[in-house]
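**Student:** Have a look at the structure that comes next, please.
The values are calculated or read from the model by the stated rules, or taken from the named source; none is laboratory data. In this text the structure is predicted, and so the values were computed from the model without any measurement. Because the Cβ atoms are built from the backbone with ideal geometry, glycine has one as well, and the counts that use them run over all protein chains shown.
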Amino acid sequence: MTEPMQDVQQVTLSTQAFLILCRLFDGCYDDMKQQESMQDLVESIADILLAGVQELEGRETKPRTVTFPLTLPQSFLLRRLAHEMLARVPEGQEDNMTSWLQECVSALTGGAGAYGTPAT
């Protein structure tokens, strides 16, 4: 899937939130991959997340944050997955997992206005 360069944003997450996002995506990967219309999008996200995980594994000292590029469709799909998982958290149950999911949703939402629109 080739996207114009202006449609790419850099997303930064804490390392733990990034790994949670990777696990979430991995858990849905097979089902999403079976949908023919989503195959290219799913594969492109998998490539990006896998590259990030490999970068983390290759480092002796783990960074506090991970920054990776996403197109609008990639960001939208990951945000939707994180938001759906967050919606399943029982009300009043605040834990680290919930915080990391909220971080994912926030980071993936925060850049949505950056596509083609200068910040003011």
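**Student:** Residue pairs, Cβ under 8 Å, 6 or more apart or interchain, first in segment 92-115 and over 14 Å from Gln16 (Cβ atoms) and of a type in the set (Phe, Trp, Tyr), second surrounded by fewer than 19 Cβ atoms within 10 Å (Cβ to Cβ) and at pLDDT below 75. List them.
**Tutor:** Tyr115/Gln6
**Student:** Filter segment 80-93 down to the residues that are under 18 Å from Leu24 (Cα atoms) and not in a helix (DSSP H, G or I), then identify the one that is modelled with the highest pLDDT. Give the derivation first.
**Tutor:** Here is the first cut: in segment 80-93, the ones under 18 Å from Leu24 (Cα atoms) are 80-90.
When the remaining residues are screened for being not in a helix (DSSP H, G or I), the result is 88-90.
Values: Arg88: 89, Val89: 84, Pro90: 82.
So the residue we want is Arg88.
Here's the yes/no breakdown for (1) assigned to a helix (DSSP H, G or I); (2) buried (at least 16 other Cβ atoms within 10 Å of the Cβ); (3) out of contact with any Lys or Arg (no Cβ under 6 Å at 6 or more places or on another chain):
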| residue | (1), (2), (3) |
| --- | --- |
| Leu24 | yes, yes, yes |
| Met38 | yes, no, yes |
| Ile48 | yes, yes, yes |
| Ala51 | yes, no, yes |
| Arg59 | no, no, yes |
| Pro63 | no, no, yes |
